[in-house]
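The values are calculated or read from the model by the stated rules, or taken from the named source; none is laboratory data. These numbers were taken from a predicted model, which means no experiment stands behind them. Note that each Cβ is placed from the backbone with ideal geometry, even for glycine, and that neighbours are counted across all protein chains shown. Just so you know, the surface numbers come from the protein's heavy atoms only, side chains and all, with ligands and any DNA or RNA stripped out. Shrake-Rupley method; radii C 1.70, N 1.55, O 1.52, S 1.80 Å.
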Amino acid sequence: MKKQHPLKPFFSLILSTNIPRAAFIIGLAASILTTIAGLIVPLLTKQLVDGFSVSSLSFSLAAAIGAAFIIQAIVSGLSTYLLSAVGQKMVASLREQMWRKLIRLPVPFFDQTASGQTVSRVVNDTSVVKELVSNYFPQFVTGIISIVGAVAILLVMDWRMTLVMLLSVPVTMLIMIPLGRRMAKISRGLQDETAAFTGDVQQTLSEIRLMKASNAEQLEEKQGFNGIERLLQYGLKEARIFALISPLMYLIVMAVIVMIITYGGMRVASGAMTTGALVAFLLYLFQIIMPITSFAMFFTQLQKAKGATERIIEILNQPPEETRKGIVLDIANKSVRFVHVSFSYDEEEPVLKDISLEARPGEMVAFAGPSGGGKTTMFGLLERFYEPTEGEIYIGNIPIRDLSMESWRSQIGYVSQDSPMMAGTIRDNLCYGLENAEAISDDQLWKVAEMAYADQFIKEFPQGLKTEIGERGVRLSGGQRQRIAIARAFLRDPKILMMDEATASLDSQSEGIVQQALTRLMEGRTTFVIAHRLSTIVEADRIFFIEKGELTGSGTHEELIQSHELYRQFAEQQLT
Ligand code: ADP
Ligand code: MG
């Protein structure tokens, strides 16, 4: 196997962003031009200075220097803009790629990764790559040109002096390389720490009610402070290195200047060199030393970008859900069958073991059993959030995994216990994800709201359907959220319906209303319910009793009461 260059993934990622190449090349060329112009200025200065001794000042020369400065300024402005624009376009393209991927990653990815960390990848890591491309890389290239050019000119002007000056280069490298290495390590640590900190902050803020209700302010304060402290430590480490770099560079520059002035002064005195040449030497000195300093930054930034790219690529390389691939099928009037389905979240412990069952079209099927038995997991498999590790789920005679995810999910409805909502208006939430959302009339929405017994409370809001419901629907009560979820299901008219303890968290009054709405919703659809109420379960056509991932009994309520000891106990104690 060929060994891959460690920077290869970085370059292929950069190329994948379709950076505007023309703009990049022009920007880089302009920046090189500026550098070359910069190289000419000391030469002109030399002539200007030497001109003094010939009594009259040369105006044309002064004008040439002035013109060189102005052109340099203009070209340099152009190059700065072009290169930044390229960087910005690149970061936008990277973020687009990541976002397109992220929203299509399968649920298990999000089970394993803190969302705040992922946020940091999209926001911070992409910026690191941008900085490298629009700042540090052009600096590096022009730096090399500046050094090579300056040294070449100096060698021609006075090779002895040049050699004296070049003594400073190995000394500078000796200092900069180890500092650069250390810096790279710190930067990567800082990146990871930033991601972790973002993750913690987001986690706490999104569960602010739990935090307050648990009096966890002090705990969170401490944890937050710990994160901030760790960031501070990295920041200070970075500051210490910067603090070392500038005075060290200053020392070197001063030493070389002193050396050059001393040696050069002697040579000027002896007539081997002109004053102008000495001035030019000093100016070139800066054009050699400064880029060397920026090299340290470049290599640091390159390391940082390498780390950032690895994490970006890690996300980009995850296989997405192919929502449109597969068979498009009308699933009405087809039975749903689990055939020897086993499943585990993490290779180790099986959560579902060899489950086989059938729900005929239009039936209401209930899952019952102790908490943690795997009922919600069955719904996760039906939604295709997860795939069975063994066995198959069929709709009619077709495995659901062969269906297009989009087609399948558009025909099934899921009303869960906590009815998740998006920030936005009631209308936004009812129409969420529907293709022709704008075309749906208010009348249609009121109709489904009425069917879900939601019209009353929506009418009471002054803004009606345009009422903003807040992040995760916090401005609504549980029962109201639930009824909006049901209205949403009515609007989609699913063929198969799943309800996960849909009334468990409600007070008895809203429970009554929501239950009525649900009963109405279930009519004519194949329905799976995870039930906690005896009344729901008694009405079910069939009940499947699931314990510790195994199907231990099935039948009607009466049959199970007769045949299943644990079900009888369960029905007496748990179901009211
Ligand atoms: P039920 O709905 O019957 O109460 P669940 O299906 O929610 O049970 O959970 C079944 C088992 O799977 C539990 O032991 C739970 O710890 C585990 N589990 C549930 N969700 C996940 C997940 N996303 N990752 C790992 N384990 C999970
Ligand atoms: Mg559950």
| query | Over segment 358-445, what percent of the accessible surface lies on carbon and sulfur atoms, probe 1.4 Å? | reply | 47 percent
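I'd like the chymotrypsin sites (Phe, Trp or Tyr not before Pro) in segment 141-249 restricted to DSSP loop residues with at most 11 other Cβ atoms within 10 Å, sorted by number.
On the way: sites: Trp159, Phe197, Phe225, Tyr234, Phe242; in loops: none.
Answer in residue order: no site qualifies.
Can you give the calculated 222 nm mean residue ellipticity of the chain, where each DSSP H run of n ≥ 4 adds -39,500 (n - 2.57) and the sum is split over every residue, rounded to the nearest 500 deg cm²/dmol?
On the way: 22 runs with 360 residues, N = 576.
After summing the helix terms and dividing by the residues of the chain, the value is -21000 deg cm²/dmol.
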| request: Compute the whole-percent fraction of alpha carbon pairs in segment 368-476 spaced more than 20 Å apart. | output: 55 percent
| query | Using 0.36 nm per residue, how much length does the chain from Asp418 to Glu221 gain when fully extended, once their Cα-Cα distance is taken away? | reply | 68.1 nm
| remark: The simple spin-label model distance between Leu7 and Lys459, using points 7 Å out along Cα→Cβ, in nm, is 7.0 nm
| Hull-based mean projected area of segment 355-417, where the convex hull spans the alpha carbons, in square nanometres | 5.0 nm²
| field | For segment 508-568, Kirkwood radius (reciprocal of mean inverse C-alpha pair distance, Å) | value | 12.9 Å
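With a 1.4 Å probe and every protein chain left in place, work out the accessible area per residue of the chain in Å², rounded to a whole number. Each step should come with its number before you reach the end.
Numbers: 29840 Å² over 576 residues.
That works out to 52 Å² per residue.
Show me the ranking of peptides 211-222, 410-421 by mean Cβ neighbours inside 10 Å, starting with the highest. Don't skip to the end; give the middle numbers.
Details: 211-222: 11.7, 410-421: 19.7.
Ranking, from highest mean packing down: 410-421, 211-222.
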| request: Would you please classify the overall shape of segment 298-361 from the alpha carbon gyration tensor, given that a ≥ b ≥ c denote the square roots of the eigenvalues, rounded means a/c under 1.5, and beyond that prolate means a/b larger than b/c while oblate covers the rest? | output: oblate
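Would you mind working out the magnitude of the charge dipole of the chain relative to its Cα centre, with +1 at each Lys and Arg C-beta and -1 at each Asp and Glu C-beta, to the nearest 20 Debye?
3040 debye
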| task | Check cross-link reach from Lys237 to the lysines: straight Cα distance under 24 Å, and skip same-chain residues fewer than eight apart. | result | Lys130, Lys185, Lys222, Lys304, Lys306
| field | Projected area averaged over orientations for segment 404-525, convex hull of C-alpha atoms, nm² | value | 7.1 nm²
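When the gyration tensor of segment 117-172 is built from Cα positions, what are the square roots of 5 times its three eigenvalues, in whole Å, from largest to smallest? List each step's numbers first, then the result.
Details: eigenvalues 313, 29, 3 Å².
Each semi-axis is √(5λ); the values are 40, 12, 4 Å.
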| Cβ crowding within 10 Å averaged over residues, with 460-466, 472-478, 126-132 ranked highest first | 126-132, 472-478, 460-466
| task | Mind giving me the FRET efficiency for Arg181 and Ser404? R0 is 35 Å, r the Cβ-Cβ distance, nearest 0.05 is fine. | result | 0.10
| request: Give the long-range amide H neighbours of Phe367: residues separated by 5 or more places, or on another chain, with amide H under 5 Å away, using H modelled in the peptide plane at 1.01 Å from N. | output: Val529, Ile530, Ala531, Phe544
| said: Would you report the distance distribution of C-alpha pairs in segment 282-409 as whole percents per 10 angstrom bin, up to the bin with the largest distance? | reply: 11, 27, 22, 11, 8, 8, 7, 5, 2, 0
| request: Enter the angle in degrees (range 0 to 90, nearest 10) between the Cα long axis of helix 508-522 and the first principal axis of the Cα atoms of the chain, meaning the one along which they spread out most. | output: 90 degrees
| note | Rounded to whole Å, √(5λ) for the Cα gyration tensor eigenvalues of segment 324-378, largest first, gives 24, 17, 10
| Kirkwood estimate for the chain, i.e. one over the average of 1/r between Cα atoms, Å | 29.9 Å
| note | In whole percent, the Cα-Cα distances of segment 82-200 spread across 10 Å bins from 0 upward as 11, 26, 26, 18, 11, 6, 2
| query | How high is the FRET efficiency from Asp346 to Leu78, r the C-beta distance, R0 56 Å, rounded to 0.05? | reply | 0.50
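Can you tell me the equivalent ellipsoid semi-axes for segment 259-319? Use √(5λ) from the Cα gyration tensor, largest first, whole Å. List each step's numbers first, then the result.
Numbers: eigenvalues 495, 13, 5 Å².
In descending order, the three semi-axes are 50, 8, 5 Å.
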| message | Checking the table Lys212/Lys466; Lys334/Lys548; Lys8/Lys89; Lys101/Lys495; Lys325/Lys466; Lys212/Lys353 against a 32 Å threshold on Cα-Cα, which pairs fail? | response | Lys325/Lys466; Lys212/Lys353
| task | Compute the long axis of helix 168-206 from its Cα atoms, compare it with the longest principal axis of the Cα atoms of the chain, and write down the angle in degrees, 0 to 90, nearest 10. | result | 20 degrees
| field | Length-normalised contact order for segment 71-162 - Cα pairs under 8 Å, 6+ apart - percent | value | 40 percent
| With the dipole of the chain worked out from charges on the C-beta (+1 for Lys and Arg, -1 for Asp and Glu) around the Cα centre, which of Met165, Thr467, Ser206 lies farthest toward the positive end? | Met165
| message | Heavy atoms of the protein only, probe of 1.4 Å, neighbouring chains included. What is the accessible area of His5 in Å², nearest 10? | response | 110 Å²
| Using the scaling law 2.2 N^0.38 Å as the reference, what is the normalised Cα Rg of segment 408-458? | 1.19
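Quantify, in whole percent, the carbon and sulfur part of the accessible surface of segment 78-228 (1.4 Å probe; protein heavy atoms only).
Values: 5150 of 8150 Å².
C and S atoms contribute 63 percent here.
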| task | May I ask you to rank Arg384, Arg492 by accessible area, largest first, using a 1.4 Å probe over the protein chains only? | result | Arg492, Arg384
| task | Just tell me which lysines come within less than 19 Å, Cα to Cα, of Lys459; anything on the same chain fewer than 8 places away is out. | result | Lys447
| remark: For the chain, the longest principal axis of the Cα atoms and the Cα long axis of helix 59-102 enclose an angle in degrees, to the nearest 10, of 20 degrees
| request: Using R₀ = 56 Å, calculate the FRET efficiency as 1/(1 + (r/R₀)^6) where r is the Cβ-Cβ separation of Glu358 and Val171; round to 0.05. | output: 0.10
